[in-house]
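The values are calculated or read from the model by the stated rules, or taken from the named source; none is laboratory data. Everything numeric in this text was worked out from a predicted model, so none of it was measured. Glycine also receives a Cβ, built like all others from the backbone with ideal geometry; neighbour counts cover every protein chain displayed. Surface accessibility is based on the protein's heavy atoms, side chains included, excluding ligands, DNA and RNA. Shrake-Rupley method; radii C 1.70, N 1.55, O 1.52, S 1.80 Å.
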Amino acid sequence: MVVRQYPRFPASFYGTLVHQNHLHKISNALDLSRKGCRLESSLRAIAGMKVDLLLFSHEEPTPILIQGAIVRWS
């Protein structure tokens with residue numbers, strides 16, 4: 001059993017990932033925690049890469065903007 005510092009929760013959101021002024025669709029959101037999220041995108045991400053995220057929830061009309069997120073693993 002893996003014990004995590006921050007528990008992960010199933011998530012359902014969509015959005016856009018931005019890297020070096022290029023937009024990449026977030027194709028699947030898998031989970032969300034207090035310190036991060038796991039998602040699938042068309043971007044071939046590598047650890048250490050900085051990205052911006054624009055996330056949309058089905059329940060909220062206002063998107064969430066996360067600037068300077070760092071890819072931890074891919």
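So which residues in the range 45-71 are of a type in the set (S, T, N, Q) and in contact (Cβ under 8 Å) with a residue 12 or more places away in the chain, if there are any at all? First the steps, then the outcome.
Filtering the range 45-71 down to residues of a type in the set (S, T, N, Q) leaves 57, 62, 67.
Passing the criteria: Ser57, Gln67.
Identify, from the list Arg38, Arg44, the residue that is within 16 Å of Ser74 (Cα to Cα) and open to solvent by 90 Å² or more (accessible area, probe 1.4 Å). Steps first, please.
Numbers: Arg38 fails: open to solvent by 90 Å² or more (accessible area, probe 1.4 Å).
The conditions single out Arg44.
Taking the stated definitions as given, is Ile26 out of contact with any Lys or Arg (no Cβ under 7 Å at 6 or more places or on another chain) and open to solvent by less than 50 Å² (accessible area, probe 1.4 Å)?
Working: out of contact with any Lys or Arg (no Cβ under 7 Å at 6 or more places or on another chain): yes; open to solvent by less than 50 Å² (accessible area, probe 1.4 Å): yes.
Here the answer is yes, as Ile26 does meet what is asked.
State all residues of the range 1-43 that are within 13 Å of Leu54 (Cβ to Cβ) and without any contact (Cβ under 8 Å) to a residue 12 or more places away in the chain; if no residue qualifies, say none.
Matches in the range 1-43: Leu23 only.
Looking at this structure, is Thr62 polar (S, T, N, Q) and not in a strand (DSSP E or B)? Walk me through how you get there before you give the answer.
On the way: polar (S, T, N, Q): yes; not in a strand (DSSP E or B): yes.
Judged against the criteria, Thr62 is a match.
In the range 47-57, how many residues are at pLDDT below 95, open to solvent by less than 40 Å² (accessible area, probe 1.4 Å) and either of a type outside the set (A, V, I, L, M) or more than 9 Å from the chain's Cα centre (by Cα) (or both)?
1
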